[in-house]
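The structure under discussion appears below in the form of structure tokens.
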Number of protein chains: 2
Amino acid sequence: MEFEKMKSRLDHLLESQRHGELRGALMMLNEVDIAEYMQTLDKDKLLMVFRILPKDISSDVFAYMDNDQRQTLIESIGDTEVAKLVDDMFIDDAVDFLEELPAGVVKRVLQNTDVKRRNLINQFLRYPENSAGSIMTIEYCEFHTGITVSQAMAELKRTGIDKETIYTLYIIDDQRHLVGIVPLRKMILADDSTLVDALMDTGVISVTTLDDQETVAESVRKYDLMSIPVVDTEGRLVGIITVDDIVDVIEEENTEDFEKMAALVPSDSEYLKTSPFKLALNRIPWLLVLMVSAMFTGGIITSFEGLLNSSAVGIILTSCIPMMMDTGGNCGSQVSTLVIRGMALGEIEFRDLPRVLWKELRVAVLVGAILALVNFVRLLAFGGAGITPIISFVVAISMFATVLFAKTIGAVLPMVAKKAHLDPALMASPLITTIVDACSLTILFSIATALLTF
Amino acid sequence: MEFEKMKSRLDHLLESQRHGELRGALMMLNEVDIAEYMQTLDKDKLLMVFRILPKDISSDVFAYMDNDQRQTLIESIGDTEVAKLVDDMFIDDAVDFLEELPAGVVKRVLQNTDVKRRNLINQFLRYPENSAGSIMTIEYCEFHTGITVSQAMAELKRTGIDKETIYTLYIIDDQRHLVGIVPLRKMILADDSTLVDALMDTGVISVTTLDDQETVAESVRKYDLMSIPVVDTEGRLVGIITVDDIVDVIEEENTEDFEKMAALVPSDSEYLKTSPFKLALNRIPWLLVLMVSAMFTGGIITSFEGLLNSSAVGIILTSCIPMMMDTGGNCGSQVSTLVIRGMALGEIEFRDLPRVLWKELRVAVLVGAILALVNFVRLLAFGGAGITPIISFVVAISMFATVLFAKTIGAVLPMVAKKAHLDPALMASPLITTIVDACSLTILFSIATALLTF
């Protein structure tokens, strides 16, 4: 059903106070859709719908609501009720939620949860932001070595309901070291008396609690995993991360790269929910840095004042400034984007630098020659009075040199940045554009000075 | 183990012809790692290792190899052996592989597979590129309504080994219409005599064969699914898509957006494996379009020749060209990136245009004021001889107007593009930069003409 249609029906039931029917209707819906519907409600209606929700799905719906709505809601319900919600959520969702709350509220909520869970949550809140530890869940199925398939299946029936996934079973030894995994599929296909050890896959791909979420995502993507175990520094199993959370991590990391490449300070919050003041703060730093850099480019123009003020040639060269700057910038960011993306996906390593350079050199010769030719012909044919073959030649050869330079710097800079443990995306389009701008104008005016002033 | 270490050990076994040991070593490795190792081998060694591989994993390894390697390999082994490989692969992997081969080879390979599978593969090859049909698999578990849990589990044990996932069971009626899904978890936790109908979730999120893979990815991400069923236009179940394939789709779509936003014609192939000629072809179209646009910006400069040739003021204004162009371009692409990304993630819709505009107006006033102020002070303090307060004021107010304009166009253009069913990413950075360039210079020179020429 269309969202708008669903919403109008639910709104109707809500406004006419038909709570029984509303509850029935909500039961038929996916938790994600209910959360989406609740986003559209004001405070009073939000609270009313939340109270009407069947209790067994309310914590799921709560986990899918966005943070503003959740804050609104917990301000209206009692601390014990909030604590109940936190108890019912998977630990990773609960931690996500608590991380966004003011410290005072977190303390109050945690006072009402039970001691064991409180200690656990506190431990999670201490993991570094974006580390595997901070996004993992502890609701997984573990078994000790030496158990049979039928014993394991019986245990699964007893405890499986509370696990985030039961489709991969983790096998540990007496010191809780992870020794292997068994896909549930193998258990189902095996005989009851088989030992799980015999079904176990020991070449387990795992991550540690302190690994960055980007590393986790890379492993999950590379090995097509449904979940990945998280171990502590001594190799003891402490949690798992499921692929649905990895999908969110991947989108988050991509958004961060998009932002950096557009000269923005990365931000976790949704655009529409960010205040103009915060948005401005994210944008000003790089704008200022790049503006000041561009002033130096302006300085290059001033230093060629003599050339530019010689009237006829001067205005022709000046009118070429936008074209040289834009084309150089575009050439540079084309390469840097491909290289940054290639590195993010693990397709390009630092050791490939010579291959990348040799490739770009050949591309640059092809692209540069075509752009130079177009310029030469264009200026001669449509350039108007004052254009001589030599001026056309100066512009064309400058274009060729600019393309060559832009492609080189666009390839080298992100790779060197990565090698120096800087974020390659930060080196991307805007910074490269600024560097190429300065150099393209220097190239143009220097060649012009050499060939035109006699 | 580190890849380099693993490789050197395998290389050693391979070179000293210890095939038994090599086979044992390969058995201990993940298929993905074996495929990665095989990428590093030349033709003869590649073939040797492939022959040594245990038969039950060779088709998995083959599915993870890259396309050049696979082509090399199938040229060396017989058509019947290739057909055997294709028979052993999951249908989605087989189709992926065949899609990349020359038509003649596909025909030869298919002649050796069995009739039923050949017809199936041909049907898959007819789905549009990047449609749900083209990426789905048919190895899923389906049951008719009315079956009990113990019957279903027995059936699973019999057929589950060949399925891509057994963790979601699809329930169909007599006309093969999808009526519900049952997570395997529920079956395991339920009593043997329960009817699967009773466990069934009927609010199934599904896609149709012709839906674009981007739509599929959006649903999987939104609803945190492990797999999604694919139905034909009559609602009959024809396949499923698992989340590991969706992870690849997400990265592919992101790469496409990165490429479009960097003025590249999107390409499916890996950077290092693309020829310079092909790379140049992907880059030249947009470079030409944007270069020609920038020539018009140059025309604006020429049209203000009178102003710019009045020596003292002229060179100051000319030296401001890079700063105005760069800052305007950066402001525009900051907004367009946020808006494009927001739309890709479903956070921003066309109906939000007024909200976006109102937000950007306020951001622009804040950002514009700061950048204008910095310029005013900088010019007065360090601008050197010839700078008067009025010139500083002209530059500052032009900067303010440029920021305002750039933010507006950066917000509006991608949203309007989407509404007009054009790709918003195509409207991004480079195009917006070019438009903003032209306008920022017009603003600067017009204000200068109005205030400075008396």
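The values are calculated or read from the model by the stated rules, or taken from the named source; none is laboratory data. Computed from a prediction, not measured in an experiment: that's the story for all the values here. Cβ coordinates were reconstructed from backbone atoms using ideal geometry, including for glycine residues, and neighbour counts include every protein chain displayed. To get the accessible areas, we keep the full protein, side chains included, count just its heavy atoms, and leave off ligands, DNA and RNA. Shrake-Rupley method; radii C 1.70, N 1.55, O 1.52, S 1.80 Å.
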Response to the item:
Protection proxy (average C-beta count within 10 Å per residue), highest first, orders A:294-301, B:68-75 as A:294-301, B:68-75
Worksheet item: How much space per residue, in cubic angstrom, does the convex hull of the C-alpha atoms of the range B:1-152 take up?
Response: 162 Å³
Worksheet, complete the sentence: Between the residues A:411, B:22, A:153, the Cα farthest towards the positive end of the dipole of the protein assembly as shown, that dipole coming from +1 and -1 charges on the beta-carbon of Lys, Arg, Asp and Glu, is from A:411
Worksheet item: What dipole magnitude, in Debye to the nearest 20, does chain A give about its Cα centre under +1 on Lys/Arg Cβ and -1 on Asp/Glu Cβ?
Response: 1600 debye
Worksheet entry | About the Cα centre, charge dipole magnitude for the protein assembly as shown (Lys/Arg +1, Asp/Glu -1 at Cβ), debye | 2920 debye
Practice prompt. Compare A:3, B:350, A:124 by solvent-accessible area with a 1.4 Å probe and give them largest first, with all protein chains kept in place.
Written response: B:350, A:3, A:124
Worksheet item: Normalised by the residues of chain A, what does the relative contact order come to in percent, with Cα pairs under 8 Å and at least six apart?
Response: 11 percent
Worksheet item: Going down the table (A:260/B:407; B:260/B:359; A:273/B:359; A:157/B:157; A:407/B:273; A:260/B:273), which pairs top 20 Å between alpha carbons?
Response: B:260/B:359; A:260/B:273
Worksheet, complete the sentence: Output for chain B (equivalent-ellipsoid semi-axes, sqrt of 5λ from the C-alpha gyration tensor, Å, descending) is 58, 30, 19
Response to the item:
Answer in debye to the nearest 20: the dipole magnitude of the range A:355-454 about its Cα centre, from +1 Lys/Arg and -1 Asp/Glu charges placed on Cβ, is 340 debye
Worksheet item: Once the Cβ-Cβ distance between residue A:144 and residue A:81 is put in as r, and R0 is 22 Å, what FRET efficiency do you end up with, to the nearest 0.05?
Response: 0.05
Worksheet, complete the sentence: Taking the dipole of the range A:61-112 about the Cα centre (Lys, Arg +1; Asp, Glu -1; charges at Cβ), the one of A:102, A:61, A:91 that reaches farthest to the positive side is A:102
Item to complete: Any chance you could list P(r) for the range B:373-421, counting all Cα-Cα pairs in 5 angstrom bins from zero, rounded to whole %?
Response: 5, 20, 19, 13, 11, 9, 8, 7, 5, 3, 0
Worksheet item: Hey, quick one: spin label on residue B:118, modelled 7 Å out along Cα-Cβ, who in the range B:59-84 has an amide N within reach, i.e. under 19 Å?
Response: B:78-84
Worksheet entry | Between helix B:276-303 and chain B: long-axis angle, C-alpha atoms, 0 to 90°, nearest 10 | 20 degrees
Worksheet, complete the sentence: Of all C-alpha pairs within the protein assembly as shown, those more than 37 angstrom apart amount in percent to 54 percent
Worksheet entry | the range A:301-428: projected area of the alpha-carbon convex hull, averaged over directions, in nm² | 8.8 nm²
Worksheet item: Once you list every other residue whose beta carbon is under 13 Å from the beta carbon of residue B:362, what net charge do they have if Lys and Arg are +1 and Asp and Glu are -1?
Response: +4
Worksheet entry | Residue-level accessible surface for residue B:142, protein heavy atoms, 1.4 Å, Å² | 70 Å²
Fill in: Loop-located GluC sites (Glu not before Pro) in the range A:174-273 whose Cβ has at most 12 other Cβ within 10 Å (DSSP)
A:234
Worksheet, complete the sentence: Relative to chain A, whose Cα atoms define the longest principal axis, helix A:149-159 and its Cα axis are tilted in degrees, nearest 10, by 90 degrees
Discussion item. If I fit a long axis through the Cα atoms of helix B:389-419 and take the longest principal axis of the Cα atoms of chain B, what angle between them do I get, 0 to 90°, rounded to 10?
Written reply: 30 degrees
Worksheet entry | Shielding score for A:332-343, defined as the mean number of other chain Cβ atoms within 10 Å | 5
Discussion item. As I understand it, the dipole of chain A uses +1 on the Cβ of Lys and Arg and -1 on the Cβ of Asp and Glu, about the Cα centre. Which of A:424, A:357, A:76 lies farthest toward its positive end?
Written reply: A:357
